[in-house]
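Below is one structure, written out as structure tokens, with a few remarks after it.
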Amino acid sequence: MTAETAATAHRPRRSGRTRRPLLYIVASLGLLVMSAPFLWMALSAFKTKEDLTSTTPVWIPSRWTLENFTALLDQLDMPQYFLNSLIVAVLVTVSNLLFCSMLGYALAKLDFSGRSKVFGLVLAALMVPGNLMILPLYVLMNGLGLIDTYAGLVLPFAAGAFGVFLMRQFMLSVPDELLEAARLDGAGEWYIFWRIVMPLVKPALATLTIFTFLGSWNNFIWPLIATNDPGKYTLPVALATFANDPNRTVGGGNGMLMAGSLLVVLPVLAVFAVLQRHFTQGIATAGLK
């Protein structure tokens, strides 16, 4: 091998070594840009009023304080709003995991008349903007007397087309031979569903849990419309109402809003941290299909 050939053979490797640090730099800059609003919110929650009203932006608090949190707790019934959001988000998530998994299993593994038509309705529901359903849902919930109730906040979102589609697609990957072997051994459909299929689709369940909990926890439009009693407000509605209060400047102002926003974000981060491994596995599995 000549010296020129050897140099040519080493060029791609050197090029790869040069591009990798550049890729890391670009990715780090992108991460910094995306996380900058969250970092500003988190740091502002611990800033003093002087730092928040300074003409020059102050990133790091000159003095760390919990005054914004204490003032927020004094002016708003945060434990009650937090409990309302938690109850609604948990009930919506659990009901979606149950009903979407059941319907996804039926569409993927059970042969019944009209299965393709039912799946077509699920796909059609995915194409309908959610905002178009707000007025019919309000009329229905009002007619049932469920306004200002937890049931009125949960039932309209107890099962979603996205969850059904997601579970159906994942359950298609479960081998039919495995289910047939279980049926030959005398297992019923409930046993097959709970003891065989559900453990095999944990990545899909984790993915659905994260998306459903996040969507329900951050839901603002429907709780705003379906609740007139402040005692039934969820956190986003309570914070939005407080933000429009002309007296909110007393005791912290924007710092209190930043503290409240941080309290809204923390549960979502906790859920993602717990289910991150299964969520990543689910995304990787979906990419292999």
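The values are calculated or read from the model by the stated rules, or taken from the named source; none is laboratory data. Not measured: the values here are computed from a predicted model. Note that each Cβ is placed from the backbone with ideal geometry, even for glycine, and that neighbours are counted across all protein chains shown.
A quick yes/no check of all residues on (1) in the same structural domain as Leu262 (by TED's automatic domain parsing); (2) free of Cβ contacts under 8 Å to residues at least 40 places away in the same chain; (3) over 24 Å from Leu86 (Cα atoms):
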residue: Val128; (1), (2), (3): yes, yes, yes
residue: Pro136; (1), (2), (3): yes, yes, yes
residue: Val164; (1), (2), (3): yes, no, no
residue: Val174; (1), (2), (3): yes, no, yes
residue: Ala182; (1), (2), (3): yes, yes, yes
residue: Asp185; (1), (2), (3): yes, yes, yes
residue: Ala206; (1), (2), (3): yes, no, no
residue: Asn218; (1), (2), (3): yes, no, no
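Give the number of residues within region 157-168 that are under 14 Å from Ala106 (Cβ atoms) and surrounded by fewer than 23 Cβ atoms within 10 Å (Cβ to Cβ).
Within region 157-168, the subset under 14 Å from Ala106 (Cβ atoms) is 159, 163-165, 167-168.
With surrounded by fewer than 23 Cβ atoms within 10 Å (Cβ to Cβ) added as a condition, the list becomes 159, 165, 168.
Residues that pass the stated criteria total 3.
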Within region 65-77, is even one residue assigned to a loop (DSSP other than H, G, I, E, B), over 22 Å from Leu235 (Cα atoms), of a type outside the set (Lys, Arg) and out of contact with any Asp or Glu (no Cβ under 9 Å at 6 or more places or on another chain)? yes
